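See below for the structure under consideration.
The values are calculated or read from the model by the stated rules, or taken from the named source; none is laboratory data. All figures in this text were calculated on a predicted structure; none of them were measured in a lab. Counting neighbours? That spans all protein chains shown, and the Cβs are built from the backbone with ideal geometry, glycine included. Please note that ligands, DNA and RNA were not included when accessible areas were found on the heavy atoms of the full protein model with its side chains. Shrake-Rupley method; radii C 1.70, N 1.55, O 1.52, S 1.80 Å.
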Amino acid sequence: MSSPRTSRTGNDVNGEGSLLSKEQLAHLEKRLLQERSKALRALGMFNLSAKGDRAAGDSDLAAYTDHMADQGTEAMEREKAALFATKEGRYLYRLQEALRRLYRDPDNFGRCHATGKAITFQRLDALPHARYCIEHKLELEARER
């Protein structure tokens, strides 16, 4: 049985109409900041790797020592790294947007953008930048198939 301070969705209700308790909001803020830090580190490593590749490619001997197959492999690796950086950049953007929503309107953080229903704390803990409740997300995925 749930306590009077717990809603049907499993989220605490603090009497002020907030979807999440102050402790839950603090926990999610910490998770978002940790994820943002990891994403920034990953992008930083990509940047260092890209600079190193360019420096190695600028060597006068590079054109003479690399076989065409090696050059093709290096080009493919650079392309994969660029795709990774793009994906990581999009992830970083979603984290930043979630932090903005959290800071701008903490009482409504965790509300589904499509249905207005509360997103469960368990979902937000697993995916702190989630914008949709699981029901709506599953519906969207079903439509894509």
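With a point put 7 Å past each Cα toward its Cβ, work out how far Ala114 is from Glu135 in nm, to one decimal.
Result: 1.2 nm between the two label points.
Of Lys38/Lys87; Lys30/Lys80; Lys22/Lys87; Lys87/Lys137, which pairs sit farther than 25 Å apart, going by alpha carbon to alpha carbon?
In this structure, Lys30/Lys80; Lys22/Lys87 exceed 25 Å between Cα atoms.
At 1.4 Å probe size, what's the solvent-accessible area of Lys22? Round to the nearest 10 Å².
150 Å²
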